[in-house]
Amino acid sequence: MRTRVVADPLAAVRNLGVLAHVDAGKTTVTERILYLTGATYKRGEVHDGTTVTDFDPQERDRGITIFAAAVSCDWDGHRINLIDTPGHVDFSDEVERSLRVLDGAVAVFDGVAGVEPQSESVWRRADRHGVPRVAFINKMDRAGADLDAVVASIRARLHPAPLPVQLPIGAEDGFRGVVDLVRMRALVWDGGGAPVREAPVPEELLAEARRRRGLLEEAVAGLHPGALEEFCAAPASAGAALSDETLALALRELTLSGAGVVVLCGAAYRDRGVEPLLDAVVAYLPSPLDVPAAARAADPAAPLVALAFKVSATATGRLTYVRLYAGTLRKGDAVLDAGAGRVERAGRILRVQADRHAEVDRAVAGDIVALVGLKAARAGATLCAPDAPVVLEPPSPAEPVVSVAVEARRSADAGRLAAALARLTEEDPSLSVRADAETGQTLLSGMGELHLEVAAEKLRRDHGLAVAVGRPQVAHRETVVRGVRGVLYRHVKQDGGAGQFAHVVLDVEPLDGEGFVFGSSVTGGRVPREYVRAVEAGCRDALAAGPLGGHPVTGLRVTLTDGATHPKDSSELAFRAAGRLGLRAALAACAMALLEPVAEVTVTAPDEAAGAVLGDLAARRGRVTGSVARAGTVVVTATVPLAEVFGYATRLRGRTHGRGTFTARPAGYAPAP
């Protein structure tokens with residue numbers, strides 16, 4: 001671990017995330033960073049379930065990162081607050097909320113696979129948030145690893161200006177070091193846990209290293225005006241057109257502006273390439289002083305501004321993870337939840353090391369910490385000084401695309417299940433819970449089937465609930481296809497005392513569209529107005545259950561054409577009963593059809609997957625209503641039965657290699673087959 005004194009403490013802070021496709025090696029990179037910086041004293045391994053950041057039992061069981069985990073370490077006199085983010089597409093909302101509070105990121109790529117679908121997805125998210133990145137090509141020790149091929153895929157699919165600053169020494173299993181093209185030196189790892197060793201560039205690689213240094217200088221000069229001036233002024237006989245200092249400064253400025261992306265390589269599992277990556281984080285990625293101010297300047301003396309980006313329940317209580325943008329927060333301070341207008345007290349401040357916490361007395365601008373004592377602040381809440389309120393734009397939760405029905409296996413646990421579901425949605429805003437008024441089911445919605453599977457497992461493990469998870473039911477409707485006229489219904493009831501009498505004649509006909517229309521053509525006062533209203537109420541009662549399967553009825557017009565009353569026994573109650581029972585009899589005589597709910601689905605997919613998407617929509621009984629090509633992608637709109645949308649997210653990802661997305665919104669009902 002290196003130490004160096006930096007003049008401004010804020011300039012020595014790096015808040016960064018590790019982003020990648022699942023299995024590209026994010027967590028292993030994070031573990032090696034923690035080990036090399038002295039934050040841990042043993043290398044954690046994903047396959048052994050001993051990693052610091054994948055501490056949840058489900059993460060260790062599945063061998064993937066599910067929840068974003070924050071850790072801190074020190075390198076070269078700099079404080080690095082690092083968030084290891086999930087790589088699976090189902091947990092992309094965790095990535096989104098993390099990116100909202102990060103200043104920079106390390107994008108990890110597989111040295112063999114290159115740019116994978118989720119790599120592309122998280123890269124685009126980082127683009128939207130304007131987060132500067134450096135790229136780390138991992139697994140260079142694998143068979144088929146090729147730095148140039150990965151750089152080409154980054155250029156083709158992600159960024160026009162990747163800037164490789166290293167040349168591998170050795171290939172595949174023989175990978176043992178890199179040539180640093182900025183300082184023209186070799187960095188070699190001898191194995192067995194030995195630290196990096198600096199050496200001269202190997203003779204056999206010297207010509208290639210000089211050629212690549214020249215290409216790097218040309219690329220930087222083409223993007224950076226200051227470097228271009230020095231590049232053009234350099235004599236043709238000079239070996240390097242740019243000095244090491246000019247090149248390093250230009251690389252930093254290009255990284256901060258997003259005009260270029262520094263590319264490094266290594267093999268994290270074998271502890272190769274991580275020290276230069278840490279040096280690049282310090283040299284090229286921004287401090288809180290280098291990013292645009294969020295409402296107030298990043299100054300510990302300014303009034304407090306912080307954003308809550310994650311809430312979790314632990315054995316130590318409810319933890320609210322916050323990023324401080326300005327000001328200083330001390331233990332016991334009162335903070336204002338600006339959006340809710342509520343003042344709460346930060347009882348304790350914790351420096352987070354994944355699932356381990358160290359209590360501190362204060363946190364300052366630039367810090368990422370967890371607070372204990374906030375009872376109601378949700379993810380996305382702005383916390384500020386009570387006398388200087390300000391509201392930051394919160395992260396936008398993604399719209400859920402998959403739903404399952406959940407219920408407690410024991411009826412006595414229904415209340416506990418409702419409380420547990422509320423806790424789940426508080427911790428993960430991309431989950432939503434709603435009760436279907438028609439089917440009576442409790443529906444849990446999320447970003448994918450794995451997302452919901454993990455949520456159900458949390459209910460079982462963390463809350464001790466036995467839950468049943470099933471496919472949601474769809475709420476069907478019934479409608480009139482061919483009506484009837486002149487249906488007479490006489491309601492007579494005599495059981496001592498005043499009786500009930502009502503006589504109605506009804507016409508029933510189909511209605512163009514959904515809904516229910518009631519009218520009366522009775523003349524001569526044969527049915528008084530108050531009784532007409534009672535007949536309409538009775539008809540509406542009858543719509544609750546149709547003759548085909550007891551589903552609600554829609555799409556019909558009912559007309560009261562005639563009727564009769566009794567001077568003593570007629571009443572609103574009697575005519576309401578006549579309307580209800582008369583319409584039931586009329587519907588039994590009508591030709592009826594079953595309707596199913598449909599959704600308007602908008603699918604965005606790569607051009608090459610358009611045929612597969614259209615074929616799959618047709619197989620799901622979808623009716624395509626439009627198709628538009630947009631810069632390498634195709635956007636297809638279709639009307640699809642809602643029952644066929646369940647599980648579509650997983651199928652779409654499979655058919656588009658993870659690059660397809662879709663949205664769905666209710667679009668009414670259509671005849672069921």
Can you tell me which condition VAL182 does not meet? The list is (1) open to solvent by 40 Å² or more (accessible area, probe 1.4 Å); (2) at pLDDT 95 or above; (3) in contact with an Asp or Glu (Cβ under 8 Å, 6 or more places away or on another chain), and all the others hold. (1)
The one condition LEU163 fails out of (1) crowded, with 20+ Cβ neighbours inside 10 Å; (2) out of contact with any Lys or Arg (no Cβ under 9 Å at 6 or more places or on another chain); (3) more than 16 Å from ARG252 (Cα to Cα) is (3)
Being in a helix (DSSP H, G or I) and not aliphatic (A, V, I, L, M) narrows it down to one of GLY611, GLY626, so name that one. GLY611
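Using the structure shown, decide if VAL480 is buried (at least 18 other Cβ atoms within 10 Å of the Cβ) and touching a Leu at 6+ places or on another chain (Cβ under 6 Å).
The answer is yes for VAL480.
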Restricting to segment 307-323, what's the tally of residues that are out of contact with any Asp or Glu (no Cβ under 8 Å at 6 or more places or on another chain), assigned to a strand (DSSP E or B) and modelled with pLDDT under 75? 1
Could you tell me how many of the residues in segment 596-621 are in contact with an Asp or Glu (Cβ under 7 Å, 6 or more places away or on another chain) and either under 17 Å from ARG659 (Cβ atoms) or surrounded by 18 or more Cβ atoms within 10 Å (Cβ to Cβ) (or both)? 0
Of all residues in segment 614-624, count the ones that are in contact (Cβ under 8 Å) with a residue 24 or more places away in the chain and more than 27 Å from the chain's Cα centre (by Cα). 1
Can you tell me how many residues within segment 185-211 are modelled with pLDDT under 95, open to solvent by 50 Å² or more (accessible area, probe 1.4 Å) and within 21 Å of VAL134 (Cα to Cα)? 0
Quick one: how many residues across segment 638-662 are open to solvent by 40 Å² or more (accessible area, probe 1.4 Å) and farther than 27 Å from PRO552 by Cα? 8
For ARG557, are the conditions met, namely being under 19 Å from GLY538 (Cβ atoms) and among the basic types (Lys, Arg)? yes
Among the residues of segment 232-253, is any touching a residue at least 12 places away in the same chain (Cβ under 8 Å) and assigned to a strand (DSSP E or B)? no
Of those in segment 102-154 that are open to solvent by 40 Å² or more (accessible area, probe 1.4 Å) and of a type in the set (A, V, I, L, M), the residue farthest from GLY174 (Cα to Cα) is ALA152
Pairs, first charged (D, E, K, R) in segment 279-292, second surrounded by 22 or more Cβ atoms within 10 Å (Cβ to Cβ) and part of a loop (DSSP other than H, G, I, E, B), C-beta under 8 Å, six or more apart: ASP290/ASP103
Looking at segment 294-306 only, could you name the residues that are assigned to a strand (DSSP E or B) and of a type in the set (Gly, Ala, Ser)? ALA294, ALA306
Note down all Cβ pairs under 8 Å where the first residue falls in segment 123-148 and is on the phi > 0 side of the Ramachandran plot, the second is modelled with pLDDT under 90 and of a type in the set (Gly, Ala, Ser), and they're at least six residues apart or on different chains. LYS139/ALA24; LYS139/GLY25
Looking only at segment 526-552, how many residues end up being more than 47 Å from the chain's Cα centre (by Cα) and open to solvent by 60 Å² or more (accessible area, probe 1.4 Å)? 4
Is there any pair linking a residue in segment 489-514 that is touching a residue at least 60 places away in the same chain (Cβ under 8 Å) to one that is polar (S, T, N, Q) and surrounded by fewer than 15 Cβ atoms within 10 Å (Cβ to Cβ), with Cβ under 8 Å and at least six apart or on different chains, and which? GLN500/GLN494
Suppose we filter segment 48-96 for residues that are modelled with pLDDT of 80 or more, open to solvent by 10 Å² or more (accessible area, probe 1.4 Å) and outside any strand (DSSP E or B); how many remain? 3
Hand me the list of strands (runs of 3 or more DSSP E) wholly inside segment 366-435 holding 3 or more residues that are open to solvent by less than 60 Å² (accessible area, probe 1.4 Å). 368-372, 382-384, 402-408
Test result for VAL343, outside any loop (DSSP other than H, G, I, E, B) and open to solvent by 60 Å² or more (accessible area, probe 1.4 Å): yes
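Residue by residue, here is whether (1) closer than 17 Å to ARG540 by Cα; (2) open to solvent by 30 Å² or more (accessible area, probe 1.4 Å); (3) in contact with a helix residue (DSSP H, G or I) (Cβ under 8 Å, 6 or more places away or on another chain); (4) part of a strand (DSSP E or B) holds:
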| site | (1), (2), (3), (4) |
| --- | --- |
| ARG490 | no, yes, yes, yes |
| VAL508 | yes, no, yes, yes |
| GLU514 | yes, yes, no, no |
| THR523 | no, yes, no, no |
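Can you pull out every residue in segment 487-537 that is among the aromatic types (Phe, Trp, Tyr) and either modelled with pLDDT under 90 or within 22 Å of LEU587 (Cβ to Cβ) (or both)?
TYR489, PHE516, PHE518, TYR531
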Among residues of segment 346-365 being hydrophobic (A, V, I, L, M, F, W, C) and part of a loop (DSSP other than H, G, I, E, B), the residue surrounded by the fewest Cβ atoms within 10 Å (Cβ to Cβ) is ALA354
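Residues are listed down the side, and each one gets a yes or a no for (1) out of contact with any helix residue (DSSP H, G or I) (no Cβ under 6 Å at 6 or more places or on another chain); (2) small (Gly, Ala, Ser); (3) closer than 30 Å to THR28 by Cα; (4) open to solvent by 20 Å² or more (accessible area, probe 1.4 Å):
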| residue | (1), (2), (3), (4) |
| --- | --- |
| GLY226 | yes, yes, no, yes |
| GLU229 | yes, no, no, yes |
| LEU242 | no, no, no, no |
| ALA248 | yes, yes, yes, yes |
| CYS265 | no, no, yes, no |
| PRO276 | yes, no, yes, no |
| ASP279 | yes, no, yes, yes |
| ALA293 | yes, yes, no, yes |
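The values are calculated or read from the model by the stated rules, or taken from the named source; none is laboratory data. Note that the structure is a prediction, hence the values are computed from the model and not measured. All Cβ positions, even for glycine, are placed from backbone atoms using ideal geometry, and neighbour counts span all protein chains on display. When the accessible area is computed, the model is the full protein with side chains, heavy atoms only, and any ligands, DNA or RNA have been set aside. Shrake-Rupley method; radii C 1.70, N 1.55, O 1.52, S 1.80 Å.
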